[in-house]
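Down below is the structure, laid out as structure tokens.
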Amino acid sequence: MIYYFIFPLVVIIASIVGAIAGIGGGVIIRPVLDAFNYFDTAEITNMISTFCVIFGTSTSIIRHIASKSKIENWKTAVFLGIGAVIGGVIGQFLFGFVKDASNDDILKITQSIILILLLIFVIIYMQIFLPKGKVMHIKNFIVTIIIGIFLGICSTFLGIGGGPINVAVLLLFFGMDMKQAAINSLITIIFSQLSKIVMAGIDGTFVTIFSQCTTDLANGTPDQVWWLFLVILVPISIIGSLLGTWFNKKMTNKGVSIVYTATTVAIILINIYIIVNSSISLLA
């Protein structure tokens with residue numbers, strides 16, 4: 001029963017931070033749930049993370065629009081989103097391929113290693129190159145879509161929504177400031193995660209994990225029924241996103257940048273733990 005208190009706490013913190021820094025929350029939710037090793041498969045944690053991210057980021061965007069926040073370069077985010085849909089389909093295919101060719105521990109290790117490498121690049125860029133004004137201002141929509149495909153692959157395969165990678169790309173390739181990158185990142189995240197939901201319906205992922213729910217109920221083990229967590233965690237992600245959006249509007253670019261960097265470092269540490277824990281499990 002303790003997980004019914006821990007997981008909501010994780011989701012509301014992730015959703016607040018995700019809305020502030022434009023990282024969507026999934027980059028925290030998926031690794032942390034994996035670290036607890038509570039659910040039977042990585043598909044379940046990925047799906048919980050995906051639903052929380054979709055509802056949370058949609059809430060943030062709606063809130064920004066309702067409060068008449070200035071959203072610059074939104075056309076860039078849309079083209080990135082189109083690419084992210086294509087990348088999301090590819091990423092879901094890769095996720096299924098790696099899962100079928102290995103096991104959950106190897107899948108978690110693979111996801112964590114790739115995520116750590118990407119986040120190290122993000123930190124190096126943010127701390128060394130961005131302060132020196134090393135940015136581009138890409139206008140070509142074809143190039144923008146190609147970049148979106150890369151983001152969609154990362155987002156869906158890693159089950160993170162996009163997170164710090166989206167923000168870094170928006171800063172590096174499109175010359176946005178931190179707050180605008182955060183808002184536009186959320187738009188891109190919605191596209192990639194919706195494509196993941198569609199693919200999960202097409203490739204049978206939903207059938208598989210809902211079958212697991214039925215089996216758990218028949219065996220009298222309701223604690224493993226992931227949709228109970230989904231019912232609890234999605235509304236919490238919405239509340240957290242509303243709070244995070246409010247904080248984002250009150251904070252400066254520097255404040256958002258601090259939250260973003262601190263969160264990125266924390267995510268790297270969490271993924272190092274996942275690698276160690278999964279490696280021990282493989283050797284056991």
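Here are the numbers:
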read-out: Given (1) surrounded by fewer than 13 Cβ atoms within 10 Å (Cβ to Cβ); (2) under 24 Å from residue 121 (Cβ atoms), number of the condition residue 284 does not satisfy; value: (2)
read-out: Conditions (1) over 30 Å from residue 8 (Cα atoms); (2) part of a helix (DSSP H, G or I); (3) modelled with pLDDT under 85; number of the one not met by residue 78; value: (3)
read-out: Residue match in region 46-65 (condition: touching a helix residue (DSSP H, G or I) at 6+ places or on another chain (Cβ under 7 Å), outside any helix (DSSP H, G or I) and not small (Gly, Ala, Ser)); value: no
read-out: Wholly enclosed helices (runs of 4 or more DSSP H) of region 162-255 bearing at least 1 residues surrounded by fewer than 20 Cβ atoms within 10 Å (Cβ to Cβ) and at pLDDT below 85; value: 178-202, 205-218, 226-250
read-out: Residues within region 256-284 that are in a helix (DSSP H, G or I) and over 20 Å from residue 49 (Cα atoms), tallied; value: 13
read-out: Any hit, region 132-142, residues being under 20 Å from the mean Cα position of the chain (by Cα) and modelled with pLDDT under 85; value: no
read-out: Count - residues of region 257-284 that are aromatic (Phe, Trp, Tyr) and either under 20 Å from residue 110 (Cβ atoms) or without any contact (Cβ under 8 Å) to a residue 60 or more places away in the chain (or both); value: 1
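The values are calculated or read from the model by the stated rules, or taken from the named source; none is laboratory data. Small disclaimer: the values here were computed from a predicted structure and weren't measured. Glycine also receives a Cβ, built like all others from the backbone with ideal geometry; neighbour counts cover every protein chain displayed.
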